[in-house]
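Presented below is the structure to which this report refers.
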Amino acid sequence: MRYYAPITVFLLAVLAPCIAMSVLALRAAEREAMYVERRMETALLAEVDLTCAGLSQLMADILESLRRSALEPEWGGNPLAGVRFTLSAGRLDLSGGSDETAAFRDNFEEFLLQGESLPTYELVTRAYRTSGIMRQREGALLETDPLAEDRIFGRAESEGFVTYPRNVAPQKTSQARSSLNASPAPTPPAPNPLAARMSGPEAGGTSRAILPESPLQDMESAQPNESPAEFEEALYDAMVDIFDSQPTFRSKTVSKRRSFSELVSEAPFGLLPNVTDYGLELLFWAKTGQGRYTGCALRMDVLRDLIADTMPDVISDARILTVLDYSGEPIVAPTLFPAAAPDWASPFVAREISPLLPRWEVGAWLTDPSSLESRANFARLFAWIQVAVLGSVILAGSVVVIRMMSYEMRIASQKTTFVANVSHELKTPLTSIRLYAELLASGRQTDEERRREYLRTMISEAERLSNLVDNVLTFSKRESGRKNIKTELISLADLTAETVSQIEPHLEKLGFSVRCAPGNSTEKSFVRGDREALKQILVNLLSNAEKYSGASREINVEFGHAGRSAVVRVMDRGIGVPPGMSEKIFHEFVRGDDSLSAPAGGAGLGLSIARDIARRHGGDVTFSPRNGGGSVFSLTLPLVIGGTGDGRQDSDSRG
Ligand code: ADP
């Protein structure tokens, strides 16, 4: 109990931080799985960004090559130039196949000749950058702050820009978004260029509509058979369906309608993406002189091939990487899929390419989504195993340290008790010796019998003192490693009888009856050993029989042999040894009752020394309870066959 304080300190100082560390490590283990995904996301995003940058550069190169080609005859054979036009003094001349020129007229004649406006596209951040530092700061927040995003798109809308939903819902972005957004993501405004195209320039800024997704495309084809009101209603329902069925992500590309004259007043040449009945078309124009323009419709099949050529490998062990066009279809798809084709609408990560290719995206899909999960699980498991191993090592170490600490503390406490007990044991006989010596010296006691009595007491107390000192000396010799003992042949019967006869007067004075007799055999048993040391064993056992006799005053000493051992048994009818203590009492400093107020004094060394001496002689001292109450302490020593009992000194020594 008294060891609790240092152990508690140890637990607090070592174990508590270890447990805290383990908890942190386990939390980290859980996060490890997340990091695996995060690393994959970062790697794929880097690849997607690189591809986007490459494609933007490609578009810039294309624009430049067209600008140069426009100055050359026959456009220098530029493979991208489809139907070519020249516009001068209100006259539009086209060169190309008849089908293509007819389609060109459908799509662009009104725009080029009659001032019709078409949507022109730009990045919302660019559109937004036009004035003010606050707007720029908000533009920078676009990727990270959904509230800023809402503000930016809302403002762009109020300034007449049309905003669109993206073609895809990237998984990683959707997770990042949902963790950022405590409240459900606000439905993005979705003005409809389709409606805008049908109802004129002013419609784009006022009506809330959406780019043609598949249900809306159905609406478009159904439109001629329905009244405008029914069509609007059906369009609205279709929009609600779209927003309900998938998370919506706003395109960073916004559009504003502009006429050709506005466009050419802003730049001398350029590319205009336009959604036509044939899909996305790109119109190139360049100013060649005052009121004169030339240009062409780009051959989208050639553009697609060029894009496909600039792409890195579409499929690798980890991912599929491709470009999705305006309709959300891949322009290059891997021919061999490991399993099923991925869901093109939910890439792992994706980015829009450029305002020149509105709603085109570079996306990356995991080749085997389950492998990422199993890698995450493995990372988690590995971290758990590490923590478990570390935890067990710390636990095992702590158990060892605590055990050592308690052992050391117990020994320290026993030593303190020992010093107190020895001092007590020395003081008691010294006090009575001094008392009787003073009485005798004063000459006041004249009764001869009483004076002899005093002297006997003084002798017996002195013997007690010397016995204690013997034990302490023997112990200190043992501790300092000086264990060599001289040996001689000894008759155990004689040694026992001699020791008993020396102590008997003292015992008899205390009212003890001591019986010393041979046990099973009257034959003399000879042992080899150190006479004084063996005597010390017997003195200790007899002294204990006296100390722990309780009310009983009976001591029996038996000697004889059992098999190849000589045996001496010291038996009493005393208090006995408590259960569970029969071995512990042989440990040094251990006492049945180690308080100073114990009925019998002692230092807890007698039995430990007795056993130590016996074992160094090749024997032992053991305890067994005595039938009918009391204790039996047995000293066994190896019997020496053919001993002569002549008491001759022997130079043999045992370690
Ligand atoms: P000490 O007698 O100085 O305490 P010992 O090593 O001789 O030291 O004994 C250790 C303990 O064994 C004693 O404190 C006592 O509790 C118990 N013991 C020894 N001898 C006897 C005995 N004859 N009867 C009962 N208990 C005994």
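The values are calculated or read from the model by the stated rules, or taken from the named source; none is laboratory data. Just so it is clear, the model here is predicted, and its values are computed rather than measured. Here the Cβ is made from the backbone with ideal geometry for all residues, glycine too, and neighbour counts use every protein chain on show.
Select from segment 620-652 the residues that are hydroxyl-bearing (S, T, Y) and either in contact with a strand residue (DSSP E or B) (Cβ under 6 Å, 6 or more places away or on another chain) or at pLDDT 50 or above (or both) and list them in ascending order.
T622, S624, S631, S634, T636
Please indicate, with yes or no, whether at least one residue in segment 335-342 is closer than 30 Å to E72 by Cβ and of a type outside the set (S, T, N, Q).
No; the residues of segment 335-342 include none that is closer than 30 Å to E72 by Cβ and of a type outside the set (S, T, N, Q).
Do you know which of the residues in segment 391-426 that are charged (D, E, K, R) and at pLDDT 85 or above is nearest to G592 (Cα to Cα)?
Among residues in segment 391-426 that are charged (D, E, K, R) and at pLDDT 85 or above, the one nearest to G592 (Cα to Cα) is E408.
For segment 64-79, what are the residues that are buried (at least 19 other Cβ atoms within 10 Å of the Cβ) and in contact with a Phe, Trp or Tyr (Cβ under 8 Å, 6 or more places away or on another chain)?
If the condition is that a residue be buried (at least 19 other Cβ atoms within 10 Å of the Cβ) and in contact with a Phe, Trp or Tyr (Cβ under 8 Å, 6 or more places away or on another chain), then L66, S69, A70 are the ones that fit.
Scan segment 34-41 and tell me whether some residue there is touching a strand residue (DSSP E or B) at 6+ places or on another chain (Cβ under 9 Å) and basic (K, R).
No, that holds for no residue.
Please state which of the following conditions R2 fails to meet, knowing it meets all the rest: (1) over 30 Å from S371 (Cα atoms); (2) modelled with pLDDT under 85; (3) surrounded by 13 or more Cβ atoms within 10 Å (Cβ to Cβ).
The one condition R2 does not meet is (3).
Taking T446 as the residue in question, decide whether it is in a helix (DSSP H, G or I) and not assigned by TED's automatic domain parsing to the domain that holds N556.
no
Only residues that are closer than 16 Å to L607 by Cβ and out of contact with any Leu (no Cβ under 7 Å at 6 or more places or on another chain): list them for segment 550-582, please.
Correct list: R569, M571, D572, G574, I575, G576, V577, P578, G580, M581, S582.
Checking the condition assigned to a strand (DSSP E or B) and acidic (D, E), which residue from E558, E532 passes?
The unique qualifying residue is E558.
If you take the residues in segment 529-584 that are aliphatic (A, V, I, L, M) and more than 23 Å from G619 (Cβ to Cβ), which one is farthest from the ligand (Cβ to nearest atom)?
A551
If you check every pair at least six apart or on different chains, which have Cβ atoms under 7 Å apart with a residue in segment 604-615 that is more than 14 Å from S582 (Cα to Cα) first and a residue that is basic (K, R) second?
Listed pairs, sorted by first residue: D612/R478.
Each row is one residue, and each column tells you yes or no for (1) at pLDDT 70 or above; (2) in contact with a helix residue (DSSP H, G or I) (Cβ under 6 Å, 6 or more places away or on another chain).
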site: L142; (1), (2): yes, yes
site: E149; (1), (2): yes, no
site: I152; (1), (2): yes, yes
site: V168; (1), (2): yes, no
site: S174; (1), (2): no, no
site: S179; (1), (2): no, no
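List the strands (runs of 3 or more DSSP E) inside segment 286-367, counting only whole elements, that have at least 3 residues being over 39 Å from the mean Cα position of the chain (by Cα) and closer than 25 Å to F85 by Cβ.
Correct list: 292-298.
Restricting attention to segment 275-292, and to residues there that are surrounded by 19 or more Cβ atoms within 10 Å (Cβ to Cβ) and not aliphatic (A, V, I, L, M), which single residue is nearest to L92 (Cα to Cα)?
W285
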